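Asks: Have a look at this one.
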Amino acid sequence: MNLNKELNRTKRLGLIFFPAFDWAISPDHPEREERLLYTRDQLFEEGLLDRPEVSEFNPLIASREDVERVHFCIPDVSNRVSEPHLISAGGAIRAARLLLEDKVDSAFALVRPPGHHAFRLVRGARGFCTINNEAIMLEWLRHHYRKGLKIAIIDTDAHHADGTQDIFYHDPNVLHISLHQDGRTLFPGSGFPSQCGGPTAFARTLNIPLPPYTTDEGIEYVLENLILPVLDDFKPDIIINDAGQDNHYSDPLTQMMASAHGYARLTEKLQPDLVILQGGYSIEAALPYINIGLVLALAGLDTANLREPDYVPIRQDSRLKDRIKETVQQVRELWESRDSADLADLFRPYHQVVRGKKKQFYKRKKQIYYDTDGILEEQIEKVRWHEKCPGYLTIASRSRDQNDYHVFAVHIPATACQECLDDARAEYEGAVELEEGYDLVQLQNLPENQFLSHPQKRIKV
Amino acid sequence: MLIGIDVGGTHTDGILFSLSEGQIELIQKFKTPTTPDILAGLLHTLEELLQHRQDRVVSRIAISSTLAANALIQGTAPPVALLLFPGPGAIPDYAFFGQENLTLKGYVDHRGRVTQEMDEAQLLSVVKETTELGFQHFAVVSKFSCRNPVLEKRAGALIKKINPEARVTEGHRLSGSLNFPRRAATACLNSAVMDIQVNLASQVEKALECHGLDLPVYLLKADGGTFPLTESLKRPIHSIQSGQSASIMGALSFAGYENGIVIDIGGTTTDLGFLSEGVPLFLPHGIKWQEYQTLVPGFLTTSLACGGDSQVHLNDGQLQIGPERLGPPAAFGGTEPTPTDALVVLGKLAAGAGGIDSAYRALQPIASRVFAGDVDACAAAVLNKFTEKVAAAVQETRNLLAGQPVFTIHELLEEFRWDNRHLWAMGGPAKALLSYLAEQLKLEASLLPHHEVANALGAALARPTAELTVRVDTDRGKLHLIEQGVERPVSQGCKLTGEDARNLALEAGMEYLKPGHRDDLTITEQEGFNVVRGFTTRGQIHQLKVQIKPASLLWEVTSR
């Protein structure tokens, strides 16, 4: 009576669908109660949740420690992060847990709000994000499974995933690939091929800026000629897709021309293990159809009939094709040079004495603007450039507002060696003891699962 | 006086009773083996009960019938041609539930907008073709007909114009809920059993005529409500799987406001229902019948393939009960050992035609192999096994309920609580098994009054129910009363509060569901969202379900 026309072998998909119908950033913000309403309608109407390949789960609630493992929240987690954010991160964690427990072959966290614009240090909300749900998931995975896991993040949101990039910029075990509308034409204004990771993780960050009006064809070209070959080389244990859906031709905030079917094909080829929704605000004309496409593709079901009711095929301008080819070539060459590049030439080392010995570092200055809260922050970030291990990070941060916290934060990755661990701790202690120093000193000690915060003079209450 | 008849897998039960001042006075009860064609046993039971009414007035007959289900399982139901308007999305094959499945041009989107018109010429040719192939039963289903039924209505009308004798089901008439494949399955099954329903109605009418009676006959639905037999002709599928709801309605009449489990131990199966604060737990998306996921509203029930007459046997040295029933228990003339025989052996139940010796003999082989010949120990083990299976099913349901997907932060943070307090049992072996069940499940247990025919009683006491889905889209300026196929204009862009929406739904409920009293209506679902374009709120979408909820006639007297 009933046929099962499937392309490949069907797979078990775990879906965490949490539309948070009772929450909004603010009453007229795009990140609002009904963002996933029509997606809910389409999902239910298609009957996909009845399919044996698809199982539905509730999100967990991320713990304070889950957040502290990734972020330095200023002044602390409870002041910055509320339930909806913990639930969004918890949705991602649930997806990871399902995968770990082998209950599913892949998992999709269709949750809100997004997280990929949240940096490691959090003073407020930016780009609709407060905490980085997918970085939290990744660290949860490494903490509960294996700290040396090789993970690839493919961010296909139309906006450059500057937050996620920042968090893993010096992490050689995380390959962060972001394809997005060119930063010169869209928030957050970054994401160029030259931003390719620090010296301890060179070419582990790959940015592919795409011209406005790029279509499915352009995105597929990037996938076939850059992403898939790179993944073949990197051989990740887990592939995560940050599936922002604002590349769609109907998205109100961007100028890209992707379609639901294009998304489905991308997913079929990429075969991610974990997928997390990021941005995408064309809630009626795009999200319902893209998400059906994602569910079908992840469950190994037939996507031949998938398209928007108003879909008209779009041909890509040949000039765009050429530009995309150029960018792909450029990034490809960067990747090929990852082991042979002269790092000392590309990154000027900076030396500092730690525990009586002169050590090599790499320093960067960053300016971060929190558009939602109107905060302008300046950071001086130092990474310990150690040949033997990924080293550790320190961030000195102040904001333009003189009354805001002056912060010193130390991050020790789980794979740091003993020398770096001791050095980092010494730097933390040093900052704490400093007389006319910082208002807030924080430590993320992943090897010992220790998260400390030292208030010095508290200015704000 | 009221009559209730319940057709079970093994037996057809009937009850004739009077209801006055909240008291039930049993006049006559009757039990007969269910006949293969169902109808013979049913009519026989009706006949028996009518004969005992003497000169008193019977005000109501309620039947829980398996006629439709039976025809579908036996394969005697006619083939159905399914006309689909699936539009883009998943492949339409997932909704192919007809014996002939035709996909047509035309699409309604999630807002109820017709984004692709139907092709009348295509529809005409398809209908002509299928009629020529001999199809007389049709189902017409479009995606999102629960937002706008226009495609289904037009196609349905066209079919009837070409073929006035045809039986047609339009999906939106069966439910206002989402789920296109389920809608297709439900519509096909509905059309397939329409003739059977007509036959049932006419046979029951004839039987009543013979007694010179003309009184309302109701059918029990899976959601514990009843609807008039005449109305059931259009929506016979709603009466499917009513057996399980009969037992729950039986328990509900006496349960008060407690949390607990309803257990109906039949011959072939044991059915479990669940009460939370006196309200049966529902399946929000519709019941599963056989292999079909449907949109038929129903209670959350679990059916275990082991009943009082199930065959007890060894499987790899392990004791197993069911799933087969190979005739009556040994103590009642059969040949195979059953849980009933175990009860007889332990002196908990009186033996029938076979005598207590037959029960012993039937259990002997298993006792010798696994219990060193101790038949009593074997019997005790059988009963333990039985209650273990029940306990496992209860735990599974608890897990299912705890893991139910929720979509609001409020619900996610609210802890799931369902403390079971009580067990209400019915069915032949119920009395004998009561103490075992109470111990295993660690609950207070009670036997329902008239427990042997509690199903029939439940059916008889079940009040009429009905449901209406009300959807207001002020951005589009439309109001839909989905199951009624009604569309009305509303002031475009107007704003409604939650309270306004509720009142609107209640008014529509009064108009179309015609409850005895406004208090009988409840809003069981409600949601409201803004429709925003750019930075302005252009309108709102409110969707509510208003229901006459299932209730027992017994309450009417005792509570008011």
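The values are calculated or read from the model by the stated rules, or taken from the named source; none is laboratory data. Quick caveat, the model's predicted, so the values are computed rather than measured. Ideal geometry is used to build each Cβ from the backbone, glycine not excepted, and the neighbour counts take in all protein chains shown. For accessibility, only protein heavy atoms count, side chains too; no ligands or nucleic acids. Shrake-Rupley method; radii C 1.70, N 1.55, O 1.52, S 1.80 Å.
Asks: Failed condition for B:Tyr107, given (1) surrounded by fewer than 23 Cβ atoms within 10 Å (Cβ to Cβ); (2) out of contact with any Gly (no Cβ under 9 Å at 6 or more places or on another chain); (3) within 12 Å of another protein chain (Cβ to nearest Cβ), with all others met?
Replies: (2)
Asks: For residues that are polar (S, T, N, Q) and open to solvent by 30 Å² or more (accessible area, probe 1.4 Å), scanning just the range B:110-131, find the one that is nearest to the chain's Cα centre (by Cα).
Replies: Looking only at the range B:110-131, we keep the residues that are polar (S, T, N, Q), and these are B:115-116, B:122, B:125, B:130-131.
Retained after the next criterion (residues that are open to solvent by 30 Å² or more (accessible area, probe 1.4 Å)): B:115-116, B:122, B:125, B:131.
Working: B:Thr115: 35, B:Gln116: 36, B:Gln122: 37, B:Ser125: 37, B:Thr131: 32 Å.
Here the answer is B:Thr131.
Asks: If you scan the range A:298-339, which residues turn out to be assigned to a loop (DSSP other than H, G, I, E, B), surrounded by 18 or more Cβ atoms within 10 Å (Cβ to Cβ) and among the aliphatic types (A, V, I, L, M)?
Replies: Answer for the range A:298-339, where residues must be assigned to a loop (DSSP other than H, G, I, E, B), surrounded by 18 or more Cβ atoms within 10 Å (Cβ to Cβ) and among the aliphatic types (A, V, I, L, M): A:Ala299, A:Leu306.
Asks: Answer yes or no: is there a residue in the range A:132-151 that is crowded, with 24+ Cβ neighbours inside 10 Å and under 24 Å from A:Asp28 (Cα atoms).
Replies: Checking the range A:132-151: at least one residue is crowded, with 24+ Cβ neighbours inside 10 Å and under 24 Å from A:Asp28 (Cα atoms).
Asks: OK, next. Return yes when A:Leu121 is farther than 26 Å from A:Glu33 by Cβ and at pLDDT 95 or above and no when it is not.
Replies: On the way: farther than 26 Å from A:Glu33 by Cβ: yes; at pLDDT 95 or above: yes.
When the stated conditions are applied, A:Leu121 passes them.
Asks: Out of A:Tyr281, A:Tyr289, A:Tyr369, I need the residue that is more than 13 Å from chain B (Cβ to nearest Cβ), of a type in the set (Ser, Thr, Tyr) and touching a residue at least 60 places away in the same chain (Cβ under 8 Å). Which one? Explain how you work it out, then say what you get.
Replies: On the way: A:Tyr281 fails: more than 13 Å from chain B (Cβ to nearest Cβ); A:Tyr289 fails: more than 13 Å from chain B (Cβ to nearest Cβ).
A:Tyr369 is the lone residue from the list that is more than 13 Å from chain B (Cβ to nearest Cβ), of a type in the set (Ser, Thr, Tyr) and touching a residue at least 60 places away in the same chain (Cβ under 8 Å).
Asks: Can you work out which of the residues in the range A:152-181 that are part of a loop (DSSP other than H, G, I, E, B) and open to solvent by 10 Å² or more (accessible area, probe 1.4 Å) is nearest to A:Asp242 (Cα to Cα)? Spell out how you get there, then give the answer.
Replies: So the first thing to find is which residues in the range A:152-181 are part of a loop (DSSP other than H, G, I, E, B), and the list is A:156-161, A:168-173.
Then keep just the ones that are open to solvent by 10 Å² or more (accessible area, probe 1.4 Å); that gives A:159, A:169-173.
Numbers: A:His159: 11, A:Tyr169: 17, A:His170: 19, A:Asp171: 18, A:Pro172: 19, A:Asn173: 17 Å.
Here the answer is A:His159.
Asks: Just checking, which of B:Phe535, B:Phe529 is free of Cβ contacts under 8 Å to residues at least 24 places away in the same chain, aromatic (Phe, Trp, Tyr) and touching a strand residue (DSSP E or B) at 6+ places or on another chain (Cβ under 8 Å)? Explain how you work it out, then say what you get.
Replies: Details: B:Phe535 fails: touching a strand residue (DSSP E or B) at 6+ places or on another chain (Cβ under 8 Å).
Answer to the selection: B:Phe529.
Asks: Is it the case that the range B:526-544 has a residue that's charged (D, E, K, R) and not in a strand (DSSP E or B)? Walk me through it before giving the result.
Replies: Taking the range B:526-544 and keeping what is charged (D, E, K, R), we get B:527, B:533, B:538.
Right, trim to not in a strand (DSSP E or B) and you get none.
For the range B:526-544, residues charged (D, E, K, R) and not in a strand (DSSP E or B): absent.
Asks: Would you mention how many residues in the range A:216-254 are hydrophobic (A, V, I, L, M, F, W, C), outside any helix (DSSP H, G or I) and more than 22 Å from A:Asp105 (Cβ to Cβ)? It would help to see each step written out before you state the result.
Replies: Going through the range A:216-254, the residues hydrophobic (A, V, I, L, M, F, W, C) turn out to be A:219, A:222-223, A:226-228, A:230-231, A:234, A:238-240, A:243, A:253.
Filter again for outside any helix (DSSP H, G or I), leaving A:238-240, A:243, A:253.
Okay, now just the ones that are also more than 22 Å from A:Asp105 (Cβ to Cβ), so A:253.
Count: 1.
Asks: Separate question: Against the conditions (1) of a type outside the set (Phe, Trp, Tyr); (2) within 7 Å of chain B (Cβ to nearest Cβ); (3) touching a His at 6+ places or on another chain (Cβ under 9 Å), where does A:Pro84 fall short? Just the number, please.
Replies: (3)
Asks: Sticking with this one: Among the listed residues B:Arg398, B:Arg417, which satisfies the condition of being under 25 Å from the mean Cα position of the chain (by Cα) and either free of Cβ contacts under 8 Å to residues at least 24 places away in the same chain or open to solvent by less than 20 Å² (accessible area, probe 1.4 Å) (or both)?
Replies: B:Arg398
Asks: Could you figure out which of (1) within 14 Å of B:Leu233 (Cβ to Cβ); (2) part of a loop (DSSP other than H, G, I, E, B); (3) not hydrophobic (A, V, I, L, M, F, W, C) isn't true of B:Glu165?
Replies: It fails just one condition, (1).
Asks: So, one more: Identify the single condition in (1) farther than 25 Å from A:Leu346 by Cα; (2) within 22 Å of the chain's Cα centre (by Cα); (3) at pLDDT 95 or above that A:Asp422 does not satisfy, given that it satisfies every other one.
Replies: (2)
Asks: Would you say A:Gln245 is within 17 Å of A:Ala158 (Cα to Cα), away from chain B (no Cβ under 14 Å) and either buried (at least 24 other Cβ atoms within 10 Å of the Cβ) or not acidic (Asp, Glu) (or both)?
Replies: yes
Asks: Can I ask one more? Do you know which residues across the range B:451-478 are open to solvent by less than 10 Å² (accessible area, probe 1.4 Å) and among the hydrophobic types (A, V, I, L, M, F, W, C)?
Replies: Residues satisfying the conditions are B:Val453, B:Ala454, B:Ala456, B:Leu457, B:Ala459, B:Ala460, B:Leu461, B:Ala462, B:Leu468, B:Val470, B:Val472.
Asks: Here's another thing I want to ask about it. Cβ contacts < 8 Å: first residue open to solvent by 10 Å² or more (accessible area, probe 1.4 Å), restricted to the range B:72-101; second residue of a type in the set (D, E, K, R) and assigned to a strand (DSSP E or B), any location; separation 6+ or different chain. Result?
Replies: B:Pro79/B:Glu100
Asks: Check B:Ile73, B:Ile27, B:Ile5 and return the single one that is within 25 Å of the chain's Cα centre (by Cα), assigned to a strand (DSSP E or B) and not polar (S, T, N, Q). Working first, answer last.
Replies: Values: B:Ile73 fails: assigned to a strand (DSSP E or B); B:Ile27 fails: within 25 Å of the chain's Cα centre (by Cα).
So the residue among B:Ile73, B:Ile27, B:Ile5 that is within 25 Å of the chain's Cα centre (by Cα), assigned to a strand (DSSP E or B) and not polar (S, T, N, Q) is B:Ile5.
Asks: With A:Ser78, A:Ser55, A:Ser26 as the choices, which residue is at pLDDT below 95 and outside any loop (DSSP other than H, G, I, E, B)?
Replies: Numbers: A:Ser55 fails: at pLDDT below 95; A:Ser26 fails: outside any loop (DSSP other than H, G, I, E, B).
Exactly one residue qualifies, and that residue is A:Ser78.
Asks: If we scan the range A:75-89, do we find a residue that is open to solvent by less than 20 Å² (accessible area, probe 1.4 Å) and more than 20 Å from the chain's Cα centre (by Cα)?
Replies: Narrowing the range A:75-89 to residues open to solvent by less than 20 Å² (accessible area, probe 1.4 Å): A:75, A:77, A:81, A:84, A:87-89.
Still in the running and more than 20 Å from the chain's Cα centre (by Cα): A:75.
Checked the range A:75-89: at least one residue is open to solvent by less than 20 Å² (accessible area, probe 1.4 Å) and more than 20 Å from the chain's Cα centre (by Cα).
Asks: Exactly one condition in (1) small (Gly, Ala, Ser); (2) closer than 14 Å to A:Phe108 by Cα; (3) in contact with a Lys or Arg (Cβ under 6 Å, 6 or more places away or on another chain) is not met by A:Ala24; state its number.
Replies: (2)
Asks: Next up: From the list A:Lys366, A:Lys359, pick out the single residue that is in contact with a strand residue (DSSP E or B) (Cβ under 8 Å, 6 or more places away or on another chain) and under 21 Å from A:Leu440 (Cβ atoms). Steps first, answer last, please.
Replies: Values: A:Lys359 fails: under 21 Å from A:Leu440 (Cβ atoms).
Selected residue: A:Lys366, the only one of A:Lys366, A:Lys359 that is in contact with a strand residue (DSSP E or B) (Cβ under 8 Å, 6 or more places away or on another chain) and under 21 Å from A:Leu440 (Cβ atoms).
Asks: Answer yes or no as to whether A:Gly374 is surrounded by fewer than 17 Cβ atoms within 10 Å (Cβ to Cβ) and on the phi > 0 side of the Ramachandran plot.
Replies: On the way: surrounded by fewer than 17 Cβ atoms within 10 Å (Cβ to Cβ): yes; on the phi > 0 side of the Ramachandran plot: yes.
The answer is yes for A:Gly374.
Asks: Any idea which of A:Gly47, A:Gly127, A:Gly115 is out of contact with any Lys or Arg (no Cβ under 9 Å at 6 or more places or on another chain) and on the phi > 0 side of the Ramachandran plot? Break it down into steps so the answer makes sense when it comes.
Replies: Values: A:Gly47 fails: out of contact with any Lys or Arg (no Cβ under 9 Å at 6 or more places or on another chain); A:Gly115 fails: on the phi > 0 side of the Ramachandran plot.
From the options A:Gly47, A:Gly127, A:Gly115, the qualifying one is A:Gly127.
Asks: Now a separate question. Of everything in the range B:76-103, what is assigned to a loop (DSSP other than H, G, I, E, B), within 14 Å of another protein chain (Cβ to nearest Cβ) and at pLDDT 95 or above? Give them in sequence order.
Replies: Start the filter on the range B:76-103 by keeping residues that are assigned to a loop (DSSP other than H, G, I, E, B), which leaves B:76-80, B:86-91, B:96-99.
Okay, now just the ones that are also within 14 Å of another protein chain (Cβ to nearest Cβ), so B:77, B:79-80, B:86-91, B:96-99.
Matches in the range B:76-103: B:Pro79, B:Val80, B:Pro86, B:Gly87, B:Pro88, B:Gly89, B:Ala90, B:Ile91, B:Phe96, B:Phe97, B:Gly98, B:Gln99.
Asks: Considering only residues of the range B:125-139 that are part of a helix (DSSP H, G or I) and under 23 Å from B:Phe180 (Cα atoms), which is farthest from the other protein chains (Cβ to nearest Cβ)? Let's see the steps before the verdict.
Replies: Restricting attention to the range B:125-139, the residues satisfying the condition of being part of a helix (DSSP H, G or I) are B:125-132.
Okay, now just the ones that are also under 23 Å from B:Phe180 (Cα atoms), so B:126-127, B:130.
On the way: B:Val126: 19, B:Val127: 22, B:Thr130: 17 Å.
Taking the candidates together, the pick is B:Val127.
Asks: While we're looking at this one, here's another question. Out of (1) open to solvent by less than 20 Å² (accessible area, probe 1.4 Å); (2) under 27 Å from A:Gln450 (Cβ atoms); (3) outside any helix (DSSP H, G or I), what's the single condition that is false for A:His117?
Replies: Unmet condition: (2).
Asks: Still on this structure, I have one more. Quick one: would you say A:Tyr263 is within 11 Å of chain B (Cβ to nearest Cβ) and among the hydroxyl-bearing types (Ser, Thr, Tyr)?
Replies: Working: within 11 Å of chain B (Cβ to nearest Cβ): no; among the hydroxyl-bearing types (Ser, Thr, Tyr): yes.
Considered against the rule, which asks whether it is within 11 Å of chain B (Cβ to nearest Cβ) and among the hydroxyl-bearing types (Ser, Thr, Tyr), A:Tyr263 comes out as no.
Asks: Quick one: would you say B:Glu209 is free of Cβ contacts under 8 Å to residues at least 24 places away in the same chain and over 12 Å from the mean Cα position of the chain (by Cα)? Spell out the reasoning first.
Replies: On the way: free of Cβ contacts under 8 Å to residues at least 24 places away in the same chain: yes; over 12 Å from the mean Cα position of the chain (by Cα): yes.
Considered against the rule, which asks whether it is free of Cβ contacts under 8 Å to residues at least 24 places away in the same chain and over 12 Å from the mean Cα position of the chain (by Cα), B:Glu209 comes out as yes.
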